[in-house]
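**Q** Input: one structure, supplied below.
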Amino acid sequence: MKYNYKFSNLLGSFYRRGNLTFTPDGSSLLSPVGNRLSVFHLKNNHAETLPAATRCNITCVALSPDGSLGILVDEEGSALLISLVTKSVLNHFHFQQPVRAVSFSPDGRRFVVCKGSVALLYHAPGKRRDFNAFVLDKSFYGPYDETTCIDWTDDARCFAVGSKDMTTWVFGAERWQNLIYYSLGGHKDAIVACFFQEGSLDLYTISADATLCTWECDTELTQLLPRQPRKETQPEEQGEERGEEIRGSANPTAEEKSRRVKYKRIGKHFFNKEGDFTSLTAAAFHKKLNILVTGFSSGAFHIHELPELSLIHSLSISDQSISSICINRTGDWISFGSSGLGQLLVWEWQSESYVLKQQGHFNNMVALCYSPDGQHLVTGGDDGKVKVWDTSSGFCFVTFTDHTSSVTAVSITANGQAVLSASLDGTVRAYSLLRYRNFRTFTSPRPSQFSCLAVDGSGDIVCAGAQDSYEIYVWSMQTGRLLDVLAGHEGPISSVAFNPWKSVLATASWDRTVRLWDMTDSWKTTETLNLTAEALVVSFRPDGGEIAVTSLDGQITMWDPEKGVQTGSIEGRHDLQLGRKETDKITAKHSSKGKAFTTLCYSADGHALLAGGASRFVCIYHVREQLLAKKFEISCNHSLDAMEEFLDRRKMTEFGSLALVDEGAGSEDGVTLSLPGVRKGDMSSRHFKPEIRVTSLRFSPTGRSWAATSTEGLLVYSLDSSSVFDPFQLDEEVTAGSVHRTLRKGEWTRALVMAMRLNEERLLGEALESVPHTDIKVVCSSLPELYVERLLVFLAAQIERSRHLQFYLIWAHELLMQHGQKLKNRSVSLMPAIHSLQKSIQAHCSDIAKLCDWNRYNMRFAVCLSRQRGVKRAAAERDVDVDSESMSDDGAETDD
């Protein structure tokens, strides 16, 4: 069995903190999500998350002008140099301090890093691999407080740095005679952004109190004079060594003063219309279009045209602060990021329409399920929302907000047309995926908080377990009426699950029992399984022949539902490997709480179990051998709690751990005020680190991937297709050369069997495409039954990515027609392959349907337009005829 799953994508989180960046072509957007970087391809409608991960949350992202290299810097100042072409990490570096801004020069030869009150100029990494890609060139001192922003001139000769001390400093990237540094004041609050005008040293500076200052320079960029080294100084005194410090001359001469660059403020504008408690939090400027976009802590943004500062547009996108703004190269699209809501927007300001509008769950995700074809994922969160995600694009396409409390469980019917969700608000709701509305609401006779949910294979019976009444409620999907209330448990119901092939319901409770109910025989209890601890999760194998139960003592037990006997047990408390919280006073090894799996599911073929809990690890077990097969690390983000195993001595003080020391007031970043009379920050708020945990696990019906809802979001792991050689029943005679020789002889079936035994993807595709389409039926009929399933899995992958769609569809059709009866007898084991094939065909069907609809609407529009023009042309011709007749009549009268 294969366990070579690797991280594929991160869904559910679109933006956390840091700066947004467009790629040089302007069609893709880079957004930091926790300690990872997501790339949103806006024209292709596709999102992907790079596998590179920093140690903590990313705060700064910089992209080289050619778009091939990127620099990611996290909260602690640790940096990664990544290649966006190969999506791999090239180098690691640590700046030893938190970094506020990073920016490449327009020529791509250097980049500036702002940390503390210093601006550091580095040589940009080259195309070749270096031992140290971060080579310091110069250090620039000037500001007295933390630096906040950077901007370069178009020719990369100078750059400007804004600071919290309300000043902006202009530095020369080279050693110029008439410009070493220049300080600009005039503001009464911290500098948020500074921008050079196109091809000039003229500057715009913007502060947090929404004040814009325009600065005019008396020198052009071409008038900067290179500094000549003095002959009497030694080479080591010329400042040629790397890492030199740039400071001004203590006693400049009068001639040097007269030739130096000078700035003059020619304008000062105030454009804060929101009130006293609203501050400017982000800004972006497009130099060619002279468009300035500013975002405020109230969630509003303004678009102005400079230098007149004429307002073009004003809009409010949320009630949370706008954290980052970015404009693409052409100036058509503006991206906004709000860290308070995790919201990401891309707005086309000329047409006033959204290109992208995505928002994840406001709180943690707690529930997850796959659609039957594996194309969609449904999640429920503590914010009461139910979201449906497209696994191929990575975007959420519908959100249901009918619940008024936390969603505890989600499920989807076998036909994939309805989604059900259970909530602590005492309702179970059913949503239609055809009309996108809540069409059924199930309630109990007395108010109950539902903790779990299940729907049978036919989609007619819905069951939900209650936490407080210890009962299971059964409803009819068709009528919405309550059919029965199952009583018998003596503790809260923790999990319910239906047998996929029979009307048998399994319910797990904290009373240390699992009960099996027969839905067709007056709802009676058929079996009661006694456990050694409180039952947490129950799950049926896909063929319904076995159930797995996790208990509070960390054990996973397997049972035969027909005989009611235990068939196996797995001790998993030591495999979970909990972390130590910052506020814990004992190590993780001696902590007894939470050492149990809280979520469990079978693989698509039923050979493996996937289990997770309050840990950063997910364990996959082999059911028959009852052994740990592999552990997956969900996250390496140390910005989350419970990541460390031991106490960090660096965070210890004489009063104890820093996490146990109350630091008093909350954030001072201009948050929405809730206490009367408070100017900055909510005194009732406190900072806390979210704890890493896995709340739900599900295997895809196709068997190619599995998903987990965690503190970081919705993580998807897919099979690693990079493993080239994975043979099947191989012997010495089967080689790539023998496959080619057999193909040249025209022995298609034998060559195809040999290629599948080698199990090399490229060779198998070559063997398939060598078969003439007229001989496909004969080859399929003579193919051994053992290879049919493997060929179906390969065809599903080829249909998804190959251009020869009709050719591979003929193969799939003939395989199913020739071997349909034999495959039906093994339908349970073949279900993952069939689901995978269905997913690929359904994806193409939806794409072609969209294209056909688009073409049909365009043709209708063209026909209507031509008719309208024909009517106008006919009317014009009639007018011309009338005019000509009248003229002829007038002529006749004059002749008379």
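The values are calculated or read from the model by the stated rules, or taken from the named source; none is laboratory data. Keep in mind the model is a prediction, meaning the values are calculated, not measured. We place every Cβ from the backbone using ideal geometry, glycine too, and count neighbours over all the protein chains shown. Note: accessible area is taken over every heavy atom of the protein model, side chains too, but ligands, DNA and RNA are not part of it. Shrake-Rupley method; radii C 1.70, N 1.55, O 1.52, S 1.80 Å.
**Q** Does any residue of the range 188-209 turn out to be more than 25 Å from residue 290 (Cβ to Cβ), surrounded by fewer than 21 Cβ atoms within 10 Å (Cβ to Cβ) and over 40 Å from the mean Cα position of the chain (by Cα)?
**A** Looking for residues that are more than 25 Å from residue 290 (Cβ to Cβ), surrounded by fewer than 21 Cβ atoms within 10 Å (Cβ to Cβ) and over 40 Å from the mean Cα position of the chain (by Cα), one finds none in the range 188-209, hence no.
**Q** Might you check whether a residue that is modelled with pLDDT under 80, open to solvent by 80 Å² or more (accessible area, probe 1.4 Å), in a helix (DSSP H, G or I) and over 17 Å from residue 373 (Cβ atoms) occurs anywhere in the range 843-866?
**A** no
**Q** May I pose another question? Would you confirm whether any residue within the range 180-198 is touching a Lys or Arg at 6+ places or on another chain (Cβ under 6 Å) and closer than 20 Å to residue 287 by Cα?
**A** Yes, the range 180-198 has at least one match.
**Q** Please give the number of the condition residue 565 fails out of (1) surrounded by 15 or more Cβ atoms within 10 Å (Cβ to Cβ); (2) aliphatic (A, V, I, L, M); (3) free of Cβ contacts under 8 Å to residues at least 40 places away in the same chain.
**A** The failed condition is (1).
Residues checked against (1) open to solvent by 20 Å² or more (accessible area, probe 1.4 Å); (2) in a loop (DSSP other than H, G, I, E, B):
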position	(1), (2)
281	yes, no
284	no, no
289	yes, yes
294	no, no
298	yes, yes
301	no, no
304	no, no
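**Q** Further question: Assess whether residue 388 counts as being part of a strand (DSSP E or B), in contact (Cβ under 8 Å) with a residue 40 or more places away in the chain and out of contact with any Gly (no Cβ under 8 Å at 6 or more places or on another chain).
**A** yes
**Q** Select from the range 358-385 the residues that are assigned to a strand (DSSP E or B), open to solvent by less than 40 Å² (accessible area, probe 1.4 Å) and not β-branched (Val, Ile, Thr) and list them in ascending order.
**A** If the condition is that a residue be assigned to a strand (DSSP E or B), open to solvent by less than 40 Å² (accessible area, probe 1.4 Å) and not β-branched (Val, Ile, Thr), then 358, 365, 367, 368, 369, 370, 377, 380, 381 are the ones that fit.
**Q** Could you tell me how many of the residues in the range 604-635 are outside any loop (DSSP other than H, G, I, E, B), open to solvent by 10 Å² or more (accessible area, probe 1.4 Å) and touching a helix residue (DSSP H, G or I) at 6+ places or on another chain (Cβ under 9 Å)?
**A** Number of matching residues: 3.
**Q** Residue 431: over 24 Å from residue 537 (Cα atoms), in contact (Cβ under 8 Å) with a residue 12 or more places away in the chain and open to solvent by less than 10 Å² (accessible area, probe 1.4 Å), yes or no?
**A** Yes, satisfied.
**Q** Please return the ranges of strands (runs of 3 or more DSSP E) entirely within the range 103-196 where 3 or more residues are touching a Pro at 6+ places or on another chain (Cβ under 6 Å).
**A** Hits in the range 103-196: none.
**Q** May I ask you to list the residues in the range 511-533 that are open to solvent by 20 Å² or more (accessible area, probe 1.4 Å), on the phi < 0 side of the Ramachandran plot, touching a strand residue (DSSP E or B) at 6+ places or on another chain (Cβ under 6 Å) and part of a loop (DSSP other than H, G, I, E, B)?
**A** 531, the sole residue that qualifies.
**Q** For the range 705-731, what are the residues that are aliphatic (A, V, I, L, M), modelled with pLDDT under 90 and part of a strand (DSSP E or B)?
**A** 719
**Q** Could you pull out the residue among 136, 121, 90 that is surrounded by fewer than 18 Cβ atoms within 10 Å (Cβ to Cβ), in contact (Cβ under 8 Å) with a residue 40 or more places away in the chain and under 27 Å from residue 165 (Cβ atoms)?
**A** 136
**Q** What residue, among those in the range 11-50 that are within 30 Å of residue 622 (Cα to Cα) and modelled with pLDDT of 90 or more, is nearest to the chain's Cα centre (by Cα)?
**A** Going through the qualifying residues, I end up with 49.
**Q** Can I ask one more? Please go through (1) touching a Ser or Thr at 6+ places or on another chain (Cβ under 7 Å); (2) open to solvent by 50 Å² or more (accessible area, probe 1.4 Å) for residue 18 and return the number of the only condition it doesn't satisfy.
**A** It fails just one condition, (2).
**Q** Condition first: of a type in the set (Gly, Ala, Ser), open to solvent by 30 Å² or more (accessible area, probe 1.4 Å), at pLDDT below 90 and part of a loop (DSSP other than H, G, I, E, B). Can you find one or more residues in the range 349-357 that meet it?
**A** Checking the range 349-357: at least one residue is of a type in the set (Gly, Ala, Ser), open to solvent by 30 Å² or more (accessible area, probe 1.4 Å), at pLDDT below 90 and part of a loop (DSSP other than H, G, I, E, B).
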